[in-house]
Every structure is written in C-alpha cells, then in structure tokens.
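Student: Questions regarding the structure given below will be posed in turn.
The values are calculated or read from the model by the stated rules, or taken from the named source; none is laboratory data. No experiment lies behind these values; they were computed from the predicted model shown. Because the Cβ atoms are built from the backbone with ideal geometry, glycine has one as well, and the counts that use them run over all protein chains shown. Side chains are part of the model used for accessible areas, which takes the heavy atoms of the whole protein and leaves out ligands, DNA and RNA. Shrake-Rupley method; radii C 1.70, N 1.55, O 1.52, S 1.80 Å.
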Amino acid sequence: MIVCKSDRELSYMRDAGRIVAETHKELEKAVQPGITTKELDRIAEDYILAKNARPAFKNYHGYPSSICSSVNEEVVHGIPSLRKLENGDIISIDIGTEINGYYGDSAVTLPVGDISSEAHNLLRTTEEALWAGINKAMNGNRLSDISHSIQVYVEDRSYSVVRDYVGHGIGSQMHEDPQVPNFGGPGHGPRLRPGMTLAIEPMVNQGTHEVVTLGDKWTVVTKDRKLSAHFEHSIAITEKEPEILTKL
Ligand code: MF3
Ligand code: CO
C-alpha cells in the first residue's frame, strides 16, 4: 500500500531530509586520502545525534553502523572500517535519519583526491541518471516512467544498472511501498500522486550489472570487480515539480 503523506508528515520528512543533507556536507569536507571510513561514520553519527535525530541504518536488520560506505567496486552496504581511503578511490556514502517518526535517505558518490576520467564519467552519469529519474517524478506519470528513464540514460552511455537492489517508498518507515526499480519499460505501475514520497537510487556499474554479497553478509560488490556508483535522493510528488527532501 502506498501512503500519501499529509502536510504535517511532509514537514517531518523535510526535517529528516535536511539533516541527511547537512550530514553529507560534513562528510564531503572530511573525505580525503588517509581518513578511515569508520572516522566518517563517527562524524556522521555525532552530527545526526546532535540534531536530535537518529541514524536510521544503525541496527536496521542488525546493520552495525550509521552510514554505508562503499568504495570502488563496492556497490552498496559497505560497512565502515579501519580501511583508509586512498587517492583515486571513489566512495559512496549512504545516510539515513529518523526524526519524529519520519525518515530521510540519500546517497552520493565522491571522488577521493584525483580520480581517473573513467571514474569521473561514471560518477557524473550516475548522478545525471538520478536526475533523469527525478524529472519523471511528476503528478500523473506512472512509477515505471522513473525506472525507464534511468535505465535509458545509463545504457545509452554504455554503463549497466544494478537489478538486485532498487529504490523504495519512504515515510514513517525507511522502506515502504512501492519498490522503485532503476530499469523497466515505461507506462507501468501506479500513477504518481501528490504526497507520495520516494527514495530514488540508481546504482550504476562500469561492467556487468551482476553483483555478489561478500562474506560479511552486507557488502555488495560488482561480480567483475569493476567500479560502481550510487546516488540517491528522497523526493515528494507535488502538483508540480518534485520536491527534493534531501537537498539543502
Ligand atoms: N539506504 C539504503 C536503502 O535505501 C539502506 C541501507 S541498509 C542498512 O535501502 F541496513 F544499512 F540500513
Ligand atoms: Co534508500
């Protein structure tokens, strides 16, 4: 069941989303060669708690940390560790918060120092694919118009979209109906209506779309160990343009 949010619920989601965006800003300042992903997790957790919010990922189905930090061939759900970031790495940082019972969820992939032009193109394409999807998040469109537009954007540029993980509704739960795949034909699924809130999150690979989960039961990596990038915003459908809840 897809829940359309009231104005009061949307205002709580704006609070959660703003804290996510501010936390991303703090981490962007901190990402550089030599910092560990655990240090990034600490900065994020301290910031979120100082805002009287809760890091939504921590203890979610037993997840041990406040952020997901996925480096290079890691696609999603990388666990912060004592690994030091190195010049030329790319790192996906995924952050979720909850405040007053409502959630925000957003991810970006950042360059560490100087990265290759191949890595840069992957980051740019993935972020642009997210916006291609968001641009279809319009009252009256169908859900799969978002999915289709992301897939076409990515595959036109010879990258692949991950199939095994998808975006999702978000609200009083971090994961709500509907699922939001990053692939599929246009014109299917529920019609988008004002008050629907979605986390749209393309995961884009340089090589095969296939992924595998490592022995830690969380970290998802590309099967061919080529690079992967991930961008995500939580958005609300309105009468007009979508409202980006996780942007300052
Ligand atoms: N942001 C992820 C998502 O959208 C959630 C991370 S899973 C967790 O599904 F376990 F780390 F919380
Ligand atoms: Co999400």
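Student: Any idea how many residues of region 148-167 are under 15 Å from the mean Cα position of the chain (by Cα) and touching a residue at least 40 places away in the same chain (Cβ under 8 Å)?
Tutor: Going through region 148-167 one residue at a time, the tally reaches 7.
Student: Pick from region 1-54 the residues that are open to solvent by 90 Å² or more (accessible area, probe 1.4 Å) and assigned to a loop (DSSP other than H, G, I, E, B): which of them is nearest to residue 86 (Cα to Cα)?
Tutor: Restricting to residues being open to solvent by 90 Å² or more (accessible area, probe 1.4 Å) and assigned to a loop (DSSP other than H, G, I, E, B), the top hit is 32.
Student: Please go through (1) touching a residue at least 40 places away in the same chain (Cβ under 8 Å); (2) within 11 Å of ligand 1 (Cβ to nearest atom); (3) polar (S, T, N, Q) for residue 59 and return the number of the only condition it doesn't satisfy.
Tutor: Just one mismatch for residue 59, condition (1).
Student: Same structure again: Scanning region 55-69 for residues that are away from ligand 2 (no atom under 13 Å from the Cβ) and open to solvent by less than 60 Å² (accessible area, probe 1.4 Å), which turns out nearest to residue 107 (Cα to Cα)?
Tutor: 69
Student: Might you check whether a residue that is closer than 28 Å to residue 65 by Cβ, among the hydrophobic types (A, V, I, L, M, F, W, C) and over 15 Å from the mean Cα position of the chain (by Cα) occurs anywhere in region 105-115? Show your work before the answer.
Tutor: Kept after step one, since they are closer than 28 Å to residue 65 by Cβ, are these residues of region 105-115: 105-115.
Of the ones still in play, those that are also among the hydrophobic types (A, V, I, L, M, F, W, C) are 107-108, 110, 112, 115.
Filter once more, keeping what is over 15 Å from the mean Cα position of the chain (by Cα): 112, 115.
Within region 105-115, one or more residues are closer than 28 Å to residue 65 by Cβ, among the hydrophobic types (A, V, I, L, M, F, W, C) and over 15 Å from the mean Cα position of the chain (by Cα).
Student: Are there strands (runs of 3 or more DSSP E) fully within region 74-184 with at least 1 residues that are closer than 16 Å to residue 204 by Cβ and away from ligand 1 (no atom under 15 Å from the Cβ)? List them. Spell out how you get there, then give the answer.
Tutor: On the way: elements: 74-76, 90-99, 102-111, 167-169, 176-180.
Ranges flagged: 90-99, 102-111.
Student: Among the residues of region 187-206, count how many are under 30 Å from residue 90 (Cβ atoms) and either assigned to a loop (DSSP other than H, G, I, E, B) or open to solvent by 10 Å² or more (accessible area, probe 1.4 Å) (or both).
Tutor: 3
Student: Looking at the structure I just gave you, is residue 72 of a type outside the set (Phe, Trp, Tyr) and open to solvent by 60 Å² or more (accessible area, probe 1.4 Å)?
Tutor: Judged against the criteria, residue 72 is not a match.
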